[in-house]
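See structure below.
The values are calculated or read from the model by the stated rules, or taken from the named source; none is laboratory data. Remember, predicted model here, so these are calculated numbers, not experimental data. For neighbour counting, all protein chains shown are included, and Cβ atoms are generated from backbone atoms with ideal geometry for every residue, glycine included. These accessible areas exclude ligands, DNA and RNA; they are computed on the full protein's heavy atoms, side chains included. Shrake-Rupley method; radii C 1.70, N 1.55, O 1.52, S 1.80 Å.
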Amino acid sequence: MSLLEFDGVNKYYGETHVLKDIDLNVEEQEVCVVIGPSGSGKSTLLRCANRLEEIQSGEIRLDGQSLSAPNADINYLRQQVGMVFQSFNLFPHKTALENITLAPRKVRGVPKGEGNQRARDLLADVGLETQADSYPNQLSGGQQQRVAIARALAMDPKVMLFDEVTSALDPELVGEVLGVMRNLAEGGMTMMVVTHEMDFAREVGDRIILMADGHIVEDSPPKKFFSDPDSERAKTFLSKML
Ligand code: ADP
Ligand code: MG
């Protein structure tokens, strides 16, 4: 059994068939990088794994438990699947620390002292120990995104999903966020990462998934993906990127 399993998953938006018979197993501690052209279904794939979107057929399982069944315990499962988006979505009127402690306190009843200590530890992990009392508008985009990562980690998820988390950042801020993700990967976090950062994909990814038109058209280790992919789609994709 893999930690996160997509089994014959189909997703439609109205008439539009967006995910087509997706089979994908993500192993514990694996970093699965998802790339592909705009509109190919990358965000939808992640959103379905967090039950932000419903699927029409197939099943998604976390640790063997159905995420997609109508009677799934969504609140419990969402705690297990952390997600970070392109837009940081921090609560603007709460400090970095409060952004991180809110969900553990509300959803899990974590006591204040314990929650604050954990949040400070997480802020230190993302290099922001001195910014606990800063509000989002006092932080750079890269700092805000690192708070957003810490906030997701505060729920102790089993898997972390990252959807183009550096795409909205000024170029000089991209590295600090990728560095946090790299540390997380090295610490053994299971991750699905949608990104355009090919150096990150190559160096941190265990597998590269190429999506095109709702299908997974290549699923290879980075070395193979970038040097000798099986599919024509991957060859074309790479030639356009270089
Ligand atoms: P990607 O992240 O790879 O750019 P998306 O998963 O966002 O792709 O989108 C896949 C397809 O689904 C696109 O054709 C997009 O227009 C469509 N789509 C995405 N979200 C919605 C939505 N909420 N309603 C209708 N169509 C959507
Ligand atoms: Mg997207």
Taking Cα centroids, how far is region 1-71 from region 173-193 in Å? 21 Å
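Let me check I have the definition right: for region 183-242, take the eigenvalues of the Cα gyration tensor, multiply each by 5, take square roots. What are those semi-axes in whole Å, largest first?
Over the Cα atoms of region 183-242, the ellipsoid semi-axes are 21, 12, 10 Å.
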Report the number of Lys pairs in the chain whose alpha-carbons are under 24 Å apart, with separation of 8 or more residues or on distinct chains. 18
Just want to confirm a number: the relative contact order over region 79-166, from Cα pairs under 8 angstrom separated by 6+ residues, in percent. 54 percent
Can you give the direction-averaged projected area of the convex hull of the alpha-carbon atoms in the chain, in nm²? 13.4 nm²
I need two numbers for region 38-177: Rg to one decimal and Dmax as a whole number, Cα atoms only, in Å. 15.8, 47
Roughly how large, in nm² to one decimal, is the mean projection of the convex hull of the alpha-carbon atoms in region 1-109? 8.5 nm²
With an 8 Å Cα cut-off and a minimum separation of 6 or more residues, compute the relative contact order for region 1-49 in percent. 32 percent
Across 5 Å bins beginning at 0, the whole-percent shares of Cα-Cα pair distances in region 87-167 come to 3, 17, 30, 26, 18, 6, 1, 0
Could you work out the relative contact order of the chain? I mean the mean sequence separation of Cα pairs under 8 Å and 6+ apart, divided by the number of residues, in percent. 25 percent
Local net charge near residue 110, Cβ-Cβ under 12 Å (Lys/Arg +1, Asp/Glu -1): +3
What is the extension gain from residue 89 to residue 135, computed as 0.36 nm multiplied by their sequence separation minus the C-alpha to C-alpha distance, in nm to one decimal? 15.3 nm
Round to a whole number: what % of the accessible area of the chain belongs to carbon and sulfur, probe 1.4 Å? 45 percent
Can you compute the FRET efficiency between residue 108 and residue 199 using 1/(1 + (r/R0)^6), with r the Cβ-Cβ distance and R0 = 45 Å? Round to the nearest 0.05. 0.75
Region 79-129 shape via C-alpha gyration tensor axes, a/c threshold 1.5: rounded
Leaving out ligands and nucleic acids, note down the accessible area per residue over the chain with a 1.4 angstrom probe, in whole Å². 47 Å²
Of the residues 113, 174, 19, the Cα lying farthest along the dipole of the chain towards its positive end, which is defined by charges on the beta carbon of Lys, Arg, Asp and Glu, belongs to 113
With the chain treated as a Gaussian network of Cα nodes joined by springs under 10 Å, which of 143, 56, 80 yields the largest mean-square fluctuation? 56
Hydrodynamic radius (Kirkwood) for region 120-225, which is based on Cα pairs only, to one decimal in Å: 14.8 Å
Quick calc: nm separation of the 7 Å Cα→Cβ label points for residue 12 and residue 241 -> 3.3 nm
